[in-house]
Amino acid sequence: MKKVDLKISLILAFICLIGGFFLVPYQLEMLQNTSSDQYDSLIKTIPIPIYILSMISSLQIAIFSFVLSFIGIKLARKVGFKLNIFDSYFSKEKTKIDLKSTLMAVGFGVITAFVLVGADQFYFQHNIEAIGKGQAETSVIGLLAGIFYGGVFEEIMLRLFFMSLLVWLMMKLFRRNQQSLSNSFFWIAIVIASLLFAAGHLPATVMVFGDLTVELIIRCFLLNGIGGIFFGYLYWKKGFEYAVLAHMFTHIALQLLFIPLLS
């Protein structure tokens, strides 16, 4: 298994290398759309070309993703999380893709995307003035960053590594083995990982909207946390690959379906 784990980690790191290259341009594009003054000030302070900065960022993300992947896979195997598609591919067995699980992953991704756009369109823009003034637009860079960075790197970080680590720690703390792990351990890990990801978006919320309000906090945790519940469930019940697929389809449906239809 050691060689298989290494190969999986390397391929995930390569995908994240691609995703990382789109991250900086996407962040700058978002900043330009939300605050042109901050964007202009930031651009003036960057001492190197954007493409060089993107290459440095992508390399850092690739290294980080490799380390997290390798450790995460080891932890995942100890607590019973699955990477069946990767395992069968690198073990030269017939790759088994579950159609029902695939459709579930796509469905969860589409639902998450609808919530992300629909919540603002049908509720928050009527209660938060700054949202009503903005206009979401389809972004090719955003699509690519979402698929390769969000869909893979964030799933490595939050599901493959962090969820696996939480379940493993609870297993050790309560002196359980893999066969006697309670469902509650997995649900606790799913919820904590989702809340952590949502909380990580609070600084960006402050940057865009200014002072935090109760409504902005609720919006931040709802929009950034709901996907984590779906993806965490898929990781637990179906396997890591299906969590990645769902996260990817969230960005695909967001950029190609719901933003054009609802914004």
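To keep it simple, each residue is scored yes or no on (1) surrounded by 22 or more Cβ atoms within 10 Å (Cβ to Cβ); (2) at pLDDT 95 or above.
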{"residue": "Ser139", "(1), (2)": "no, no"}
{"residue": "Tyr149", "(1), (2)": "yes, yes"}
{"residue": "Arg159", "(1), (2)": "yes, yes"}
{"residue": "Leu169", "(1), (2)": "no, yes"}
{"residue": "Arg175", "(1), (2)": "no, no"}
{"residue": "Ser184", "(1), (2)": "no, yes"}
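List pairs: first in segment 143-164 and under 29 Å from Asn177 (Cα atoms) and of a type in the set (Ser, Thr, Tyr), second open to solvent by 30 Å² or more (accessible area, probe 1.4 Å) and in a helix (DSSP H, G or I), Cβ under 9 Å, 6+ apart or cross-chain?
From residues that are under 29 Å from Asn177 (Cα atoms) and of a type in the set (Ser, Thr, Tyr), the pairs are Ser164/Ile71; Ser164/Lys74; Ser164/Arg77; Ser164/Lys78.
Conditions (1) without any contact (Cβ under 8 Å) to a residue 24 or more places away in the chain; (2) in a helix (DSSP H, G or I); (3) at negative phi; (4) buried (at least 21 other Cβ atoms within 10 Å of the Cβ), marked per residue:
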{"position": "Ala204", "(1), (2), (3), (4)": "yes, yes, yes, no"}
{"position": "Val208", "(1), (2), (3), (4)": "no, yes, yes, no"}
{"position": "Leu212", "(1), (2), (3), (4)": "yes, no, yes, no"}
{"position": "Glu215", "(1), (2), (3), (4)": "no, yes, yes, no"}
{"position": "Phe221", "(1), (2), (3), (4)": "no, yes, yes, no"}
{"position": "Gly225", "(1), (2), (3), (4)": "no, yes, yes, no"}
{"position": "Gly228", "(1), (2), (3), (4)": "no, yes, yes, yes"}
{"position": "Tyr233", "(1), (2), (3), (4)": "no, yes, yes, no"}
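Do the conditions hold for Lys74, that is, is it within 19 Å of Gly239 (Cβ to Cβ), in contact with a helix residue (DSSP H, G or I) (Cβ under 9 Å, 6 or more places away or on another chain), of a type in the set (Lys, Arg) and touching a residue at least 40 places away in the same chain (Cβ under 8 Å)? Can you show your working first?
On the way: within 19 Å of Gly239 (Cβ to Cβ): yes; in contact with a helix residue (DSSP H, G or I) (Cβ under 9 Å, 6 or more places away or on another chain): yes; of a type in the set (Lys, Arg): yes; touching a residue at least 40 places away in the same chain (Cβ under 8 Å): yes.
Judged against the criteria, Lys74 is a match.
What helices (runs of 4 or more DSSP H) lie completely within segment 1-108 and have 3 or more residues being within 30 Å of Gln178 (Cα to Cα) and of a type in the set (Phe, Trp, Tyr)?
Details: elements: 2-34, 36-45, 50-79, 84-90.
Result: 50-79, 84-90.
Give the residue that is most open to solvent (accessible area, probe 1.4 Å), with candidates limited to residues of segment 24-77 that are at pLDDT below 90 and among the β-branched types (Val, Ile, Thr).
Thr45
The values are calculated or read from the model by the stated rules, or taken from the named source; none is laboratory data. Note that the structure is a prediction, hence the values are computed from the model and not measured. We place every Cβ from the backbone using ideal geometry, glycine too, and count neighbours over all the protein chains shown. Side chains included, ligands, DNA and RNA excluded: accessible areas come from the protein's heavy atoms. Shrake-Rupley method; radii C 1.70, N 1.55, O 1.52, S 1.80 Å.
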